[in-house]
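Chemist: Sending over a structure as structure tokens; questions will come in a sec.
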Amino acid sequence: MALIVQKYGGTSVANPERIRNVARRVARYKAMGHQVVVVVSAMSGETNRLISLAKEIMPDPDPRELDVMVSTGEQVTIGMTALALMELGIKAKSYTGTQVKILTDDAFSKARILDIDQHNLKKDLDDGYVCVVAGFQGVDANGNITTLGRGGSDTTGVALAAALKADECQIYTDVDGVYTTDPRVVPEARRLDKITFEEMLELASQGSKVLQIRSVEFAGKYKVKLRVLSSFEEEGDGTLITFEENEENMEDPIISGIAFNRDEAKITVAGVPDKPGIAYQILGPVADANIDVDMIIQNVGADGTTDFTFTVHKNEMNKALTILRDKVQGHIQAREVTGDDKIAKVSVVGVGMRSHVGIASQMFRTLAEEGINIQMISTSEIKIAVVIEEKYMELAVRVLHKAFGLENA
Ligand code: ADP
Ligand code: ASP
Ligand code: MG
């Protein structure tokens, strides 16, 4: 007997028939003698619908109330899934985040899980129930409902698997595993049987939405056996996230995947005096407002001033611009503060990069041949990321996928 956590995403619970399909799969696992915890997302499109409703009332919705609203999507699907299981004669019980007590901090809309009370779940599992838990939501120390950021049900699934010491966490979605890049953008993309944890973390952090980055972080920290599979297919092993890296050999691909991200915006603070403390004076107030910063570059001009550029989430661009214009620009005597949300980030990822030189130049040459201008670059041992104009994003992903031989590796 094993304890398995199965997470089903929005398209997998999009309507009653698909929810019945989920229940049938869960029933098969129960019939094999396993204990099953099911985590579900809201029906596809529902979270977007709820966010739009909130914005109709208040354009920049109060974060606490927004979380109260968007968390309802998952409350519907847990009830439906429990009902579908009961209809198959299986004992099932639904749980909201609050009912489990998935304790988070109070950062509404991007809360972090601090602790999971497994007492009730364990008892129900031992009594033969399937526990159906709402993804994406938690509760803070004061009893406020919180949500974990878009795609957060993945994190609920992996965090529950970690807390319950599950034998495996299965992420069921609308593709049959992790591909060399998003198969919706590059139809020639190839499914990977396995991918190292380190690569998956990098792909997720660079924008591959197949797994939310925090779910991969949890899997790494607690060594959760994590697999991505299709909820529409009966067969198939999907993609396993592995913790062992093979001895590197010549056969291994240098690049494993390509990720892209359209969710970032670029902010430039232009014409600032080139002197110590500038980076801190610009980014300090941004960090104080709990705005995450991703890429950062600073160029020194010939006239002794510099341009300081960084990226933030698109949703937070206006907030960051207001802070910089109101609190920083005058103070540091910057010429201007501008924002650009028509950008995209494209990254190539692979542990094989460590032992190979020339990957960056191959990437830059490939983009140059298409006339794509690179605005920012950042690198790590296993990744090269560039910021380009948004309209070239799909083209860039396709030509890089081909240039690195990913379709037929
Ligand atoms: P769910 O609702 O099940 O959580 P998501 O839409 O969040 O599903 O994630 C699955 C989607 O991730 C796929 O439909 C695919 O378009 C996208 N995706 C992006 N990068 C990849 C990749 N490298 N491999 C597989 N899918 C990817
Ligand atoms: N329903 C949430 C979202 O759309 C959480 C999830 O699907 O993982 O982001
Ligand atoms: Mg998702």
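The values are calculated or read from the model by the stated rules, or taken from the named source; none is laboratory data. Remember, it's a predicted structure, so these values are computed and weren't measured experimentally. Positions of Cβ are generated from backbone atoms using ideal geometry, with glycine treated the same way; all protein chains shown enter the neighbour counts.
Chemist: Return the residues of the range 23-53 that are small (Gly, Ala, Ser), part of a loop (DSSP other than H, G, I, E, B) and within 16 Å of ligand 2 (Cβ to nearest atom); say none if nothing qualifies.
Modeler: SER41, ALA42, SER44, GLY45
Chemist: What is the one condition in (1) surrounded by fewer than 22 Cβ atoms within 10 Å (Cβ to Cβ); (2) touching a residue at least 60 places away in the same chain (Cβ under 8 Å); (3) of a type in the set (A, V, I, L, M); (4) within 16 Å of ligand 2 (Cβ to nearest atom) that LEU226 does not satisfy?
Modeler: (1) is the only condition that LEU226 fails.
Chemist: Considering only the range 54-88, how many residues are under 20 Å from the mean Cα position of the chain (by Cα) and outside any helix (DSSP H, G or I)?
Modeler: 1
Chemist: State all residues of the range 165-217 that are aromatic (Phe, Trp, Tyr) and in contact (Cβ under 8 Å) with a residue 60 or more places away in the chain; if no residue qualifies, say none.
Modeler: TYR172, TYR179 - these are the residues of the range 165-217 that are aromatic (Phe, Trp, Tyr) and in contact (Cβ under 8 Å) with a residue 60 or more places away in the chain.
Chemist: Could you look through the range 96-122, keep only residues that are of a type outside the set (Val, Ile, Thr) and buried (at least 23 other Cβ atoms within 10 Å of the Cβ), and pick out the one that is farthest from PHE136 (Cα to Cα)?
Modeler: Of everything passing the filter in the range 96-122, LEU121 is farthest from PHE136 (Cα to Cα).
Chemist: Evaluate the following for GLU168: is it among the charged types (D, E, K, R), farther than 14 Å from SER256 by Cα and more than 14 Å from ligand 3 (Cβ to nearest atom)?
Modeler: yes
Chemist: Could you grab the pairs with beta carbons closer than 9 Å, sequence gap of 6+ or different chains, first residue in the range 22-47 and farther than 13 Å from GLN170 by Cα and among the β-branched types (Val, Ile, Thr), second one in a helix (DSSP H, G or I) and modelled with pLDDT under 95?
Modeler: That search, which allows pairs on different chains as well, returns nothing.
Chemist: A follow-up question, please. From (1) touching a Ser or Thr at 6+ places or on another chain (Cβ under 7 Å); (2) more than 16 Å from ligand 3 (Cβ to nearest atom), pick out the condition that doesn't hold for GLY177.
Modeler: Only one criterion is unmet by GLY177, namely (2).
Chemist: Looking at the range 115-133, can you tell me whether even one residue there is within 16 Å of ligand 3 (Cβ to nearest atom) and either touching a Gly at 6+ places or on another chain (Cβ under 9 Å) or among the hydroxyl-bearing types (Ser, Thr, Tyr) (or both)?
Modeler: Yes; the residues of the range 115-133 include at least one that is within 16 Å of ligand 3 (Cβ to nearest atom) and either touching a Gly at 6+ places or on another chain (Cβ under 9 Å) or among the hydroxyl-bearing types (Ser, Thr, Tyr) (or both).
Chemist: Among the residues of the range 202-213, which ones are surrounded by fewer than 22 Cβ atoms within 10 Å (Cβ to Cβ) and in a helix (DSSP H, G or I)?
Modeler: Those that are surrounded by fewer than 22 Cβ atoms within 10 Å (Cβ to Cβ) and in a helix (DSSP H, G or I): SER205, ILE213.
Chemist: Yes or no: the range 343-354 includes at least one residue that is assigned to a loop (DSSP other than H, G, I, E, B) and crowded, with 18+ Cβ neighbours inside 10 Å.
Modeler: So far as the range 343-354 goes, yes, one or more of its residues are assigned to a loop (DSSP other than H, G, I, E, B) and crowded, with 18+ Cβ neighbours inside 10 Å.
Chemist: Here are the criteria: (1) in contact with a His (Cβ under 9 Å, 6 or more places away or on another chain); (2) of a type in the set (Lys, Arg); (3) within 15 Å of ligand 2 (Cβ to nearest atom). Tell me which single one LYS101 does not satisfy.
Modeler: Against the list (1) in contact with a His (Cβ under 9 Å, 6 or more places away or on another chain); (2) of a type in the set (Lys, Arg); (3) within 15 Å of ligand 2 (Cβ to nearest atom), LYS101 comes up short only on (3).
Yes/no per residue for (1) touching a strand residue (DSSP E or B) at 6+ places or on another chain (Cβ under 9 Å); (2) under 29 Å from ASP124 (Cα atoms); (3) surrounded by fewer than 23 Cβ atoms within 10 Å (Cβ to Cβ):
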residue	(1), (2), (3)
ARG25	yes, yes, yes
MET32	no, yes, yes
GLN35	yes, yes, no
MET43	no, yes, yes
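Chemist: Could you figure out which of (1) out of contact with any Cys (no Cβ under 6 Å at 6 or more places or on another chain); (2) within 16 Å of ligand 2 (Cβ to nearest atom) isn't true of SER205?
Modeler: Only one criterion is unmet by SER205, namely (2).
Chemist: Out of the range 377-398, which residues are surrounded by fewer than 19 Cβ atoms within 10 Å (Cβ to Cβ) and among the hydrophobic types (A, V, I, L, M, F, W, C)?
Modeler: Of everything in the range 377-398, those that are surrounded by fewer than 19 Cβ atoms within 10 Å (Cβ to Cβ) and among the hydrophobic types (A, V, I, L, M, F, W, C) turn out to be ILE377, LEU395.
Chemist: Tally up the residues in the range 139-152 that are within 16 Å of ligand 3 (Cβ to nearest atom) and either more than 12 Å from ILE102 (Cβ to Cβ) or touching a helix residue (DSSP H, G or I) at 6+ places or on another chain (Cβ under 7 Å) (or both), please.
Modeler: Residues meeting the conditions: 5.
Chemist: Kindly indicate whether VAL70 is within 15 Å of ligand 2 (Cβ to nearest atom), buried (at least 24 other Cβ atoms within 10 Å of the Cβ) and at pLDDT 95 or above.
Modeler: yes
Chemist: Another question, then. As an exercise: evaluate ILE254 against (1) at pLDDT 95 or above; (2) of a type in the set (A, V, I, L, M); (3) closer than 20 Å to VAL178 by Cβ and give the number of the one condition it does not meet.
Modeler: Exception for ILE254: condition (1).
Chemist: Check off (1) over 21 Å from ALA27 (Cα atoms); (2) out of contact with any helix residue (DSSP H, G or I) (no Cβ under 8 Å at 6 or more places or on another chain); (3) buried (at least 18 other Cβ atoms within 10 Å of the Cβ) for PHE136 and give me the number that stays unchecked.
Modeler: Status for PHE136: all satisfied but (2).
Chemist: Here are LEU203, LEU160: which of them is under 18 Å from the mean Cα position of the chain (by Cα), modelled with pLDDT of 95 or more, within 14 Å of ligand 3 (Cβ to nearest atom) and not acidic (Asp, Glu)?
Modeler: LEU203
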